[in-house]
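Comments concern the structure below.
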Amino acid sequence: VTKTPDTPLWEVFVRARRGLSHVHAGSLHAPDARLALLRARDVYTRRGEGVSIWVVPSAEITASSPDEKDQLFDPAADKVYRHPTFYTVPDGVEHL
Amino acid sequence: VTASPADVATYALRLGDDALVLAERLGEWCTRAPEIEEDMALVNVALDLLGQARALLTRAGELEGRGRSEDDLAYLRDDREFTNVLLVEQENGDFACTIARLLLFSSYQVELYAALASSADEVVAGVAAKGVKEAGYHRTHAGEWTVRLGDGTPLSHERMQAGLERMWPYAEELFERDALVERLVAAGVAADPDALRPGWDRHVDAVLAEATLTRPETSWRPTGGRRGLHGEALGHLLSELQHLHRSHPGVAW
């Protein structure tokens, strides 16, 4: 299917149940926000996947660049003390 | 007053045939809609209608008492035995025609199912209670497109108006009454067609106004679907729908 160039792309976020967060489900093309919402309903919740939908213009999302991956994420790789499992819990400590 | 099972069977068949034939028409858009997202949307609507048709045809078969299943009724009747309104059998035309028909039909179905949710026939009431939400979504979908095309470019406006003019005369048949409807209204099984009209008018008029479209004026009121008098288009639709089942009786897949 050829896409008319002025049909923008939208990112779809679906909340599966009350109490859960909206999770990115995918993306779709739609001419405006209202139709994007209806289409998201048809494309991403047709098997009962959701109770709430957000749609966001893909162009409005600011994403991290793959080029920055090293400086953004690698420094966290060796900070094992940031994980609770790093610390040994002395015997006999309750309510921790 | 208690309704005769034969009357309720015929009524369920009418509503089921409406849903079945429109499901087929909308299914024809599969892989042909302007965008893949719209493709899924129209086929979702078709599947909703097919689900309604299955329940209604099954009910008609039970009450009829001749041992016919939903498949027998869908696949083994000729066009003269189909009781759908002419509106649903019309060829799709362009996208605007398809949307205009969906707007007219789903606006009717919303009113109809809302009324039938308290039908004395519990199966009809059950289908209606579930179907009213489905029809509500179909109406929303058709309405959004009607507004966008009608209040869009000069070309889209022209084509949406043309689609509306094409389908409009067939809407009258939705509100027809005959002796069977009178008996079933009295028995609390059927919806009173006159009572559905104000809500339909209100909704359709509001959408047309927002879409900057003109409500068509026509005195031509094609009719006959409920009595099995159809146009040529239904025969072609049925040949495609029934071909496999008739060529290979009892086939399962």
For this session: Test residue A:43 against the criterion of being touching an Asp or Glu at 6+ places or on another chain (Cβ under 8 Å), surrounded by 14 or more Cβ atoms within 10 Å (Cβ to Cβ), within 13 Å of another protein chain (Cβ to nearest Cβ) and assigned to a strand (DSSP E or B), and give yes or no.
Result: no
Expected single match for away from every other protein chain (no Cβ under 14 Å), buried (at least 17 other Cβ atoms within 10 Å of the Cβ) and over 27 Å from residue A:28 (Cβ atoms) among B:49, B:56 is B:56
Inside the stretch A:46-81, the number of residues satisfying the requirement of being exposed (fewer than 10 other Cβ atoms within 10 Å of the Cβ) and under 19 Å from residue B:40 (Cα atoms) is 2
Here, helices (runs of 4 or more DSSP H) confined to the stretch B:1-106 with at least 2 residues that are farther than 22 Å from residue B:178 by Cα are B:5-27, B:36-64, B:70-75
Filtering the stretch B:116-136 for residues that are part of a helix (DSSP H, G or I), surrounded by fewer than 19 Cβ atoms within 10 Å (Cβ to Cβ) and not β-branched (Val, Ile, Thr) leaves a count of 7
Taking the stretch B:107-139 and keeping residues among the polar types (S, T, N, Q) and either over 21 Å from residue B:57 (Cβ atoms) or within 14 Å of chain A (Cβ to nearest Cβ) (or both) leaves B:107, B:118
If we ask which residues in the stretch A:8-24 are buried (at least 20 other Cβ atoms within 10 Å of the Cβ) and within 14 Å of chain B (Cβ to nearest Cβ), their number turns out to be 2
Condition set in a strand (DSSP E or B) and more than 7 Å from chain B (Cβ to nearest Cβ), scope the stretch A:25-40, selection nearest to the chain's Cα centre (by Cα): answer is A:25
Taking the stretch A:1-57 and keeping only residues that are under 22 Å from residue B:45 (Cα atoms) and of a type in the set (Val, Ile, Thr), one is left with A:1, A:12, A:14, A:43, A:45, A:51, A:53, A:55
Per the filter on the stretch B:145-155, residues within 10 Å of chain A (Cβ to nearest Cβ) and of a type in the set (Gly, Ala, Ser) are B:152
| query | Mind checking whether some residue in the stretch B:156-163 is over 23 Å from residue B:220 (Cα atoms) and over 18 Å from the mean Cα position of the chain (by Cα)? | reply | yes
Reported set for the stretch B:224-253 where residues are within 24 Å of the chain's Cα centre (by Cα) and polar (S, T, N, Q) is B:239, B:242
Of the listed residues (B:142, B:171), the one being more than 14 Å from chain A (Cβ to nearest Cβ), surrounded by 16 or more Cβ atoms within 10 Å (Cβ to Cβ) and closer than 23 Å to residue B:113 by Cα is B:171
Of the candidates B:229, B:208, the one satisfying the condition of being in contact with a Gly (Cβ under 8 Å, 6 or more places away or on another chain), surrounded by 12 or more Cβ atoms within 10 Å (Cβ to Cβ), at pLDDT 95 or above and not small (Gly, Ala, Ser) is B:208
Scanning the stretch B:156-165 for residues that are surrounded by fewer than 18 Cβ atoms within 10 Å (Cβ to Cβ) and in contact (Cβ under 8 Å) with a residue 60 or more places away in the chain, the one nearest to the other protein chains (Cβ to nearest Cβ) turns out to be B:156
When the stretch A:46-77 is checked residue by residue, the ones that are assigned to a helix (DSSP H, G or I), among the aliphatic types (A, V, I, L, M) and under 18 Å from the mean Cα position of the chain (by Cα) are A:59
Those residues of the stretch B:75-115 which are under 17 Å from residue B:227 (Cα atoms) and of a type outside the set (Asp, Glu) amount to B:77, B:80, B:82, B:83, B:84, B:85, B:86, B:87, B:88, B:90
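The values are calculated or read from the model by the stated rules, or taken from the named source; none is laboratory data. As the structure is a prediction and not an experimental result, all values here were calculated from the model. Glycine also receives a Cβ, built like all others from the backbone with ideal geometry; neighbour counts cover every protein chain displayed.
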